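The block underneath contains the structure these notes are about, expressed in structure tokens.
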Amino acid sequence: DTTGEAALSAELDALAAKAVSAPLVTHIYTADPSAHVFEGRIYIYPSHDIDAGAPFDDEGGHFGMQDYHVLRMDSPDGPAVDCGLALHVRDVPWAARQMWAPDAAYRDGRYYFYFPAKQADGLFRIGVAVGARPEGPFEPRPEPIAGTYSIDPAVFDDGRHHYIYFGGIWGGQLQKYRDNVYSAAHVEPEGDASALGARVARLRDDMLELDEATREVLVLDEHGEPLRADDHMRRFFEGPWVHKYAGRYYFSYSTGNTHLLCYAVGDSPYGPFTYQGVILEPVVGWTTHHSIVEFEGRWWLYYHDALLSGGVTHLRTAKVTELHHDEDGRIRTIDPYGG
Ligand code: FUB
């Protein structure tokens, strides 16, 4: 009704007035921004949100993205440039629809773009495409990466090796896998059972395949026990990311249905990681998804919200704000509308 719509609009206006950051670009909707420094500039690999006309469902069918654009910034304080089309679903032989959150990595003169998409059978897999430039275009491999499934790839460069993290529950299908084997009968664990973890594997030196079977990423509570499945304020849901700070590995992720970005810290890229706290309080829109990058000695959180579209959950806008590690390495919690 119009009274409800007017109240929502006033509420969104009030949040917009207090938003700590502005959209990176406004001519297209962008989400799930994975940021990296390549060639001295910041390249952002986001989802390219569109209204594909698919009905809303619990599987995220309304997130009907079809292609990717890469953004570039000379500095996190400056403007972002849309570098144009980097990859389209019609050019990926194995993919049918839903080009969700991607990431990219560099090795030996080439750039590797990792992306999830649904096959014709409705299962998410993760693919890789290769390019000569950070902004693409990227040439997809004919098959998805063997041993991958679910969504949200994130690649961490530890200097000697690259590690790929992936996974997301509910629409992201991670709950259907145990020990890397799919069963339609599997569901998200409940109660005192251990929460499901993201997956991690070292990439082969050619960056095109996994070098080992994936392992489950364990997040522990303050007593050293795995987070419980019903701990929805802290358990992994989707959007894994890893950065290294002061010699330690920071594993960060979205809690999905409780709409938080939080983090855990460990001493190996494989974990285990011990839960530490919240990075970003809920944004406008159902999803929250981020990356963390260092640029010229300062740290930045790339994230998204749905303010620009008036709260339409699948029409999101990538943003950036500074992130601070305190002296003890803890990340200061950010209120996205605390400005
Ligand atoms: O953008 C589609 C999906 O929404 C992503 O893959 C999830 O992380 C969530 O942000």
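The values are calculated or read from the model by the stated rules, or taken from the named source; none is laboratory data. Please read all numbers here as calculations on a predicted model, not as lab measurements. Don't worry about glycine lacking a Cβ; one is built from the backbone with ideal geometry, like all the others, and counts go over all protein chains shown. Accessible surface areas use protein heavy atoms only, side chains included; no ligands, DNA or RNA. Shrake-Rupley method; radii C 1.70, N 1.55, O 1.52, S 1.80 Å.
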Item to check | Candidates Gly109, Gly167, Gly266, ranked by Gaussian network fluctuation over the chain, Cα under 10 Å, top entry | outcome: Gly109
Checklist outcome for this item: Mean-square fluctuation maximum in Gaussian network of the chain, Cα pairs under 10 Å, restricted to Gly311, Gly329, Gly297, hits Gly297
Checklist outcome for this item: Checked the stretch 106-224 against the a/c 1.5 cut and the a/b vs b/c comparison, axes a ≥ b ≥ c from its Cα gyration tensor; verdict oblate
Item to check | Computed over the chain: relative contact order in percent, which uses C-alpha pairs under 8 Å that are six or more apart | outcome: 16 percent
Checklist entry - Under a point-charge model restricted to the Cβ atoms of Lys and Arg (+1) and Asp and Glu (-1), what is the dipole moment magnitude of the chain relative to its Cα centre, in debye to the nearest 20? => result 660 debye
Checklist entry - Roughly what would the spin-label model give for Leu15 and Val130, points 7 Å off Cα along C-beta, in nm? => result 4.3 nm
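Using only DSSP helix segments of four residues or longer, with each worth -39500 (n - 2.57), what per-residue ellipticity at 222 nm results for the chain after dividing by its residue count and rounding to 500? Write down the numbers at each step before the final one.
On the way: 1 runs with 17 residues, N = 339.
Rounded to the nearest 500, it is -1500 deg cm²/dmol.
Sorting check: for 272-280, 178-186, 302-310, which peptide has the highest mean count of neighbouring beta carbons within 10 Å, and how do the rest follow? Kindly include the intermediate steps, with their values, before the conclusion.
On the way: 272-280: 19.9, 178-186: 10.3, 302-310: 23.1.
Highest-to-lowest ranking by the protection proxy: 302-310, 272-280, 178-186.
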Item to check | In nm, spacing of pseudo-spin labels at Glu212 and Ser75 (7 Å Cα→C-beta vector) | outcome: 4.1 nm
Checklist entry - So which residue, out of Asp206, Asp108, Asp49, gets the largest mean-square fluctuation from a GNM of the chain using Cα contacts under 10 Å as springs? => result Asp108
Checklist entry - Mean separation of Cα pairs under 8 Å and 6+ residues apart, divided by the residue count of the stretch 216-319: what relative contact order is that in percent? => result 20 percent
Next on the checklist: For a test of the definition: using alpha carbon positions, the gyration tensor, and the 1.5 limit on a/c, classify the stretch 28-157 as rounded, prolate or oblate.
Outcome noted: oblate
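Just check the chain against the gyration tensor rule for me: Cα atoms, a ≥ b ≥ c as the square roots of the eigenvalues, rounded for a/c under 1.5, and otherwise prolate or oblate depending on whether a/b exceeds b/c. Mind dumping the intermediate values first?
Values: a/c = 1.15, a/b = 1.09, b/c = 1.06.
The shape class here is rounded.
For the chain, with all protein chains present and a 1.4 Å probe, just round the carbon and sulfur fraction of the accessible area to a whole percent.
About 49 percent, which is the carbon plus sulfur part of the accessible surface.
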Next on the checklist: So with the 1.4 Å probe, I'd like the accessible area per residue for the chain, rounded to whole Å².
Outcome noted: 41 Å²
Checklist entry - What nm distance separates the two modelled labels at Ala193 and Asp91, each placed 7 Å from Cα along Cα→Cβ? => result 4.2 nm
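Taking 0.36 nm per intervening residue step and subtracting the Cα-Cα distance, what contour gain separates Glu322 from Asp221 on full extension?
33.7 nm
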